[in-house]
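A.B. asks: Have a look at the structure that comes next, please.
We did not get these values from a lab; they are worked out from the coordinates using the rules stated. Everything numeric here is computed off the predicted structure, so don't read it as measured data. Neighbour counts are summed over all protein chains in view; Cβ atoms, including those assigned to glycine, are modelled from backbone coordinates with ideal geometry.
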Amino acid sequence: MNLHFIAIGGSAMHNLALALLQKGYQITGSDDTIFEPSKSRLEKKGLLPKEFGWFPEKITKDLDAIVLGMHAKADNPELLKAKELGVKIYSYPEFLYEQSKDKTRVVIGGSHGKTTITSMILHVLNYHEIEVDYMVGAQLEGFDTMVHLTSENEFMVLEGDEYLSSPIDLRPKFHLYKPNIALLSGIAWDHINVFPTFENYVAQFSIFTDSLINGGIMVYNEEDVEVKKVVENSESPIKKYPYKTPDYKIINGTTFIETAEGEMPLDFFGKHNLQNMAGAKWICQHMGVGEDDFYEAIASFKGASKRLEKIAENDDAVVFKDFAHSPSKVKATTTAVKNQYAERKVIACLELHTYSSLNAEFLKEYEGALDKADVAVVFYSPHAVEIKKMKEVSANQIKTAFNREDIIIYTKPEEFRSYLFNQNLENSALLLMSSGDYGGLDFKKLKELLK
């Protein structure tokens, strides 16, 4: 196939382009800007556009199809030309479905935990040398790309995102995959710029549940009230398998779980991650991996990139980076770190970076999210609020929303950096939560804090 990618530089889009190139497709693409690491990865494979911008002349009837990224706008010149010529246009999830429609599709959904669960499943399968196609939302250790496509593999494991498919297809991505096997980890209101009410957001997960093929399998977290309600109220002809947090204990900073073979230490921690593991185990069992084989493999899982990722440690201090930004994720991650390091001072830093987190109305959802931290710090950029054309958020609004009087608030990157690098981290655990970079923080330099 001869394919052209509109907005090829996106994290998901460039990985799909690389996977299809490896599969033998002819690939071209455009974008108005491309950042690292996408830029270098595309350049290495000869897919980096010669110049940035949109060029309608690239769109001809010789193309078999267009893959349209979310970064493009509905009036994109290349998109308009494709419509004019009648070239077939796919959204990212539509194209993944086309690639997997003759396979057994395993889709991992939920407001939180889906990248970690997908990563756990792929780690276990890779450990046992079981080849599958996949799409995951983070770069995994031992995997070259975030997307892998073949003609021969039986299974395709997909991370099922509830965000929109493309500028001209406003359906959530995970509605398009039609799973044979699916998982729902949790439901906590997010993406309020797209789903303005909690009820509207929850409805998307009901649609996802009902999108399973007849006789399909739904694995679900029965400890999440909304998930339990959505799945158990579904009248679709599907099989339902609940899971919950396994028994565990923390001894000297290491988490142990109970297995048929006795207690087993893990390289990851946190109740939410143990819940994720329980869900991953059910999925792997439905894919033919026995319980004992699952535990043997999961013992060496160290976590997904940016998900409670340990970036520095010495004898009495540790620094973690985490992608957490929604209220439920922030609360779960902060609680996990405090439980794991109960005797240490936990300094939890959160960057408010997304549309939802910078929305004055949504802020109240963060109440109590940082309560388990001994020191709570919030950073946000008024400039980011301005760029997103949103109402200004004041420090007082943030303090009120989190309902914590001693919360420390920074709005200038240099002041936040100065605060961090002047901390005495003796007997501490520092947690940095954000989907951004705190206005340009060099995470590699944080190792200097522990020297």
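A.B. asks: Give me S119, S236 sorted ascending by neighbouring Cβ count inside 10 Å, so fewest comes first.
C.D. replies: Final ranking by Cβ density, sparse to dense: S236, S119.
A.B. asks: Another question, then. Taking the alpha-carbon centroid of each part, what is the distance from the stretch 75-140 to the stretch 322-383 in angstrom?
C.D. replies: After rounding, the separation between the Cα centres reads 29 Å.
A.B. asks: Can you give the three extents of the C-alpha atoms in the stretch 309-450 along their principal axes, from longest to shortest, in whole Å?
C.D. replies: 45, 27, 23
A.B. asks: Right, something else. With 23 Å as the limit, write out which pairs from K271/K345; K114/K444; K23/K103; K271/K302; K345/K447; K178/K228 have Cα-Cα distances beyond it, or answer none. Can you show the working numbers first?
C.D. replies: Details: K271/K345 20 Å; K114/K444 26 Å; K23/K103 16 Å; K271/K302 15 Å; K345/K447 18 Å; K178/K228 20 Å.
Violating the 23 Å Cα-Cα cut-off are K114/K444.
A.B. asks: Oh, and also: Over the Cα atoms of the stretch 1-153, compute the convex hull volume and normalise it per residue, giving Å³.
C.D. replies: Convex hull of Cα atoms, per residue: 122 Å³.
A.B. asks: Could you pull the Cα extents of the stretch 95-298 along its three principal axes, largest to smallest, in whole Å?
C.D. replies: 50, 39, 31
A.B. asks: Given the chain, what percent of its DSSP beta bridges are antiparallel, to the nearest 5? Walk me through the numbers before you get to the answer.
C.D. replies: On the way: 18 of 73 bridges.
Of the beta bridges lying entirely in the chain, close to 25 percent run antiparallel.
A.B. asks: Fewest first, what order do R171, R105, R344 take by the number of other Cβ atoms within 10 Å?
C.D. replies: Ranking R171, R105, R344 by Cβ neighbours within 10 Å, fewest first, gives R171, R344, R105.
A.B. asks: What is the gain in length, in nm to one decimal, between D75 and E152 on full extension, counting 0.36 nm per residue of separation less the C-alpha to C-alpha distance?
C.D. replies: 23.9 nm
A.B. asks: Could you point to the residue in V219, A82, H14 farthest towards the positive end of the chain's charge dipole, with +1 and -1 charges on the Cβ of Lys/Arg and Asp/Glu respectively?
C.D. replies: After comparing all options, I get A82.
A.B. asks: I'd like the distance separating the alpha-carbon centroids of the stretch 1-66 and the stretch 385-451, in whole Å.
C.D. replies: 36
A.B. asks: Placing +1 at every Lys and Arg Cβ and -1 at every Asp and Glu Cβ, with all other atoms neutral, what dipole size does the stretch 65-190 have around its Cα centre, in debye to the nearest 20?
C.D. replies: Value, rounded to 20: 460 debye.
A.B. asks: Counting DSSP beta bridges in the stretch 1-67, what percent are antiparallel, to the nearest 5?
C.D. replies: Working: 1 of 9 bridges.
Around 10 percent antiparallel, to the nearest 5.
A.B. asks: Something else now. Just list whichever of K39/K83; K39/K73; K310/K372 have alpha carbons separated by over 23 Å in the model shown.
C.D. replies: Values: K39/K83 28 Å; K39/K73 21 Å; K310/K372 19 Å.
The answer is K39/K83.
A.B. asks: Another question, if that's okay. In percent, how large is the relative contact order of the chain, given Cα pairs closer than 8 Å and 6 or more residues apart? Don't skip to the answer; put the middle values down first.
C.D. replies: Numbers: 872 pairs, mean separation 51.4, N = 451.
Dividing the mean separation by the residue count of the chain yields 11 percent.
A.B. asks: Between F35 and K240, what is the spin-label point distance in nm, taking each point 7 Å from the Cα along the Cα→C-beta axis?
C.D. replies: Output for this residue pair reads 4.1 nm.
A.B. asks: Please compute the Cα-Cα pair-distance distribution of the chain with 20 Å bins starting at 0, giving whole percents from short to long.
C.D. replies: Once binned at 20 Å, the Cα pair distances of the chain give 24, 57, 19, 0.
A.B. asks: Tell me which aspartates and glutamates have Cα within less than 19 Å of K58's Cα, excluding those fewer than 8 residues away on the same chain?
C.D. replies: D31, D32, E43, D75, E78, E84
A.B. asks: Can you work out the base-10 log of I(q)/I(0) for the stretch 187-309 at q = 0.09, 0.13, 0.14 1/Å, using the Debye formula on its C-alpha atoms alone?
C.D. replies: -0.32, -0.65, -0.74
A.B. asks: Here's another thing I want to ask about it. Taking the Cα centre as origin and putting +1 on Lys and Arg beta-carbons and -1 on Asp and Glu beta-carbons, what dipole magnitude results for the stretch 241-388, to the nearest 20 debye?
C.D. replies: 480
A.B. asks: Then there's this: By counting other Cβ atoms within 10 Å of each Cβ, how are T209, T411 ranked from fewest to most? List each step's numbers first, then the result.
C.D. replies: Details: T209 24, T411 19.
Ranked by crowding around the Cβ, least crowded first: T411, T209.
A.B. asks: Using the Cα atoms as the points, what is the convex hull volume per residue of the stretch 2-87 in Å³?
C.D. replies: Residue-normalised Cα hull volume stands at 80 Å³.
A.B. asks: Something else: Before rounding to the nearest 500, sum -39500 (n - 2.57) across all DSSP H runs of length at least 4 in the chain and divide by the residue total; then give [θ] at 222 nm in deg cm²/dmol.
C.D. replies: Result for the chain: -8500 deg cm²/dmol, rounded to the nearest 500.
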